[in-house]
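Working notes, beginning with the structure itself.
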Amino acid sequence: MNSLDFHRHRRLRRTSSIRNIVRETHIHTEDLIYPVFVIEGSDIKNEVPSMPGVYQWSLDRLNEEIDEVIALGIETIIVFGVPADKDDVGSSAYDKDGIVQRGIQQIKERYPETTVIADTCLCQFTDHGHCGVVHEGEIVNDDSLTLLAKTAVSQAEAGADIIAPSNMMDGFVAAIRQGLDEAGFHDIPIMSYAVKYASAFYGPFRDAAHSSPKSGDRKTYQMDPANRLEAIREAESDIEEGADFLIVKPALSYLDIIREVKERFPYPMVAYNVSGEYSMVKAAAENGWIDEKAVVMEKLLSMKRAGADLILTYHAKDVAKWLKGES
Ligand code: PBG
């Protein structure tokens, strides 16, 4: 035995304190972005059936949720809206009194220091459920850009600190940047859903946001899960157009993409840990099949290890509690 020559990796794993000092990746509460769903109506706190622990909130009850998020030390919130009325051009997306605009105003009035991100898309607001305008069954790219820019400007006027366009039309960053600049919002950054796959993991979100397409799918604008090089082209063009942050979405099945995009582009990288990724963990945990806390932390660590700086996740409140030592 004495003649064997090998490395003793286990030396650095011997005690918990040694493991602590050699740990390479950490999750901090300030890395987390918490999604909030606001819905028209009053006295609503609706649990989303496929997303236990996630609710749709009417504005008169929204403070219950926001107060909790802030008390936990989460500093960044993204707002998704569920409007009362939909039409073919998604007018409630850019109405200054729209649900998202009022939601943003309310949060910023109560917590001016909190960073509020607006998700900029049309699918929750169009009667056909697509992320752009539809003519004769086609999702028309360039006509959609005008509406998306209008939506972003109205969200900035409502007080949004960051605009996060998720629609996947070509040129959306350029159009929104121009729209924001012309309206005087030079200082409002764009967190682009640069790399967004046509994923089956969005199913539960579409229940929460009432945003399923009524016909067809999103494959002509969201990316094919089989593609890697296309992710680089998408990220590159968004940066050329003025993106300040890059989002890769979903996260868990796309850790290779997070790593690659992060290595090529020196920009803040956001992993979107999407609804289906959340629901799977919740379902397994409710059945007692996995240890929820351990699985969630391991999952988020994998995203940071892959290169994510920030993680947008429905688990954010739980993670913030665990980091504070609460169970
Ligand atoms: C809107 C949008 C979607 C998600 C975020 N913004 C759904 C979609 O593209 O169909 C999904 C988020 C999630 O699953 O958590 N375009």
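The values are calculated or read from the model by the stated rules, or taken from the named source; none is laboratory data. This is a predicted model, so every value here is computed, not measured. Quick reminder, even Gly has a Cβ in these numbers, built from the backbone with ideal geometry, and neighbours come from all protein chains shown. Areas reflect the complete protein model, heavy atoms only, side chains present, ligands, DNA and RNA absent. Shrake-Rupley method; radii C 1.70, N 1.55, O 1.52, S 1.80 Å.
Residues in the range 216-236 that are polar (S, T, N, Q) and without any contact (Cβ under 8 Å) to a residue 60 or more places away in the chain were compared, and the one that is least open to solvent (accessible area, probe 1.4 Å) is Gln222.
Restricting to the range 90-113, name every residue that is open to solvent by 10 Å² or more (accessible area, probe 1.4 Å) and of a type outside the set (Lys, Arg).
Matches in the range 90-113: Ser91, Ser92, Tyr94, Asp95, Asp97, Gln105, Gln106, Glu109, Tyr111, Pro112, Glu113.
Note on the range 240-249: residues that are open to solvent by less than 50 Å² (accessible area, probe 1.4 Å) and either within 13 Å of the ligand (Cβ to nearest atom) or within 20 Å of Ile33 (Cβ to Cβ) (or both) amount to 6.
The C-beta contact set for the range 42-67 (first residue more than 12 Å from Ile99 (Cβ to Cβ), second residue among the charged types (D, E, K, R) and in a strand (DSSP E or B), distance under 6 angstrom, 6+ apart or interchain) comprises Tyr55/Lys45; Tyr55/Glu47; Arg61/Lys45. A count restricted to the range 114-138 and to residues that are in contact with a strand residue (DSSP E or B) (Cβ under 9 Å, 6 or more places away or on another chain) and open to solvent by 40 Å² or more (accessible area, probe 1.4 Å) stands at 3.
When the range 238-249 is filtered for residues that are touching a residue at least 24 places away in the same chain (Cβ under 8 Å) and more than 15 Å from Arg305 (Cβ to Cβ), the ones remaining, listed by number, are Asp238, Ile239, Glu241, Gly242, Ala243, Asp244, Phe245, Leu246, Ile247, Lys249. Go through the residues of the range 175-188 one by one and say whether even a single one is within 9 Å of the ligand (Cβ to nearest atom) and open to solvent by 10 Å² or more (accessible area, probe 1.4 Å). No.
Scan the range 250-259 and tell me whether some residue there is free of Cβ contacts under 8 Å to residues at least 40 places away in the same chain and either open to solvent by 10 Å² or more (accessible area, probe 1.4 Å) or more than 16 Å from the ligand (Cβ to nearest atom) (or both). There is no residue in the range 250-259 that is free of Cβ contacts under 8 Å to residues at least 40 places away in the same chain and either open to solvent by 10 Å² or more (accessible area, probe 1.4 Å) or more than 16 Å from the ligand (Cβ to nearest atom) (or both). Checking the range 114-132 against the condition returns no match, with no residue being modelled with pLDDT of 95 or more and in a helix (DSSP H, G or I). Taking first residues from the range 98-112 that are over 15 Å from Ala156 (Cβ atoms) and partners that are open to solvent by 40 Å² or more (accessible area, probe 1.4 Å), the Cβ contacts under 7 Å between residues at least 6 apart in sequence or on separate chains come to Ile99/Glu40; Arg110/Asn63; Tyr111/Ile70. Scanning the range 142-156 finds no residues that are aliphatic (A, V, I, L, M), open to solvent by 10 Å² or more (accessible area, probe 1.4 Å) and in contact (Cβ under 8 Å) with a residue 60 or more places away in the chain.
Scanning the range 190-201 for residues that are open to solvent by 10 Å² or more (accessible area, probe 1.4 Å) and either closer than 26 Å to Gly53 by Cβ or among the β-branched types (Val, Ile, Thr) (or both) returns Lys196, Ser199, Ala200, Phe201.
Hey, which of the strands (runs of 3 or more DSSP E) in the range 41-88, taking only ones fully inside, have at least 3 residues that are modelled with pLDDT of 95 or more, open to solvent by less than 50 Å² (accessible area, probe 1.4 Å) and hydrophobic (A, V, I, L, M, F, W, C)? Qualifying strands (runs of 3 or more DSSP E): 76-82. Is it the case that Pro213 is within 10 Å of the ligand (Cβ to nearest atom), at pLDDT below 95 and open to solvent by less than 30 Å² (accessible area, probe 1.4 Å)? It is true that Pro213 is within 10 Å of the ligand (Cβ to nearest atom), at pLDDT below 95 and open to solvent by less than 30 Å² (accessible area, probe 1.4 Å).
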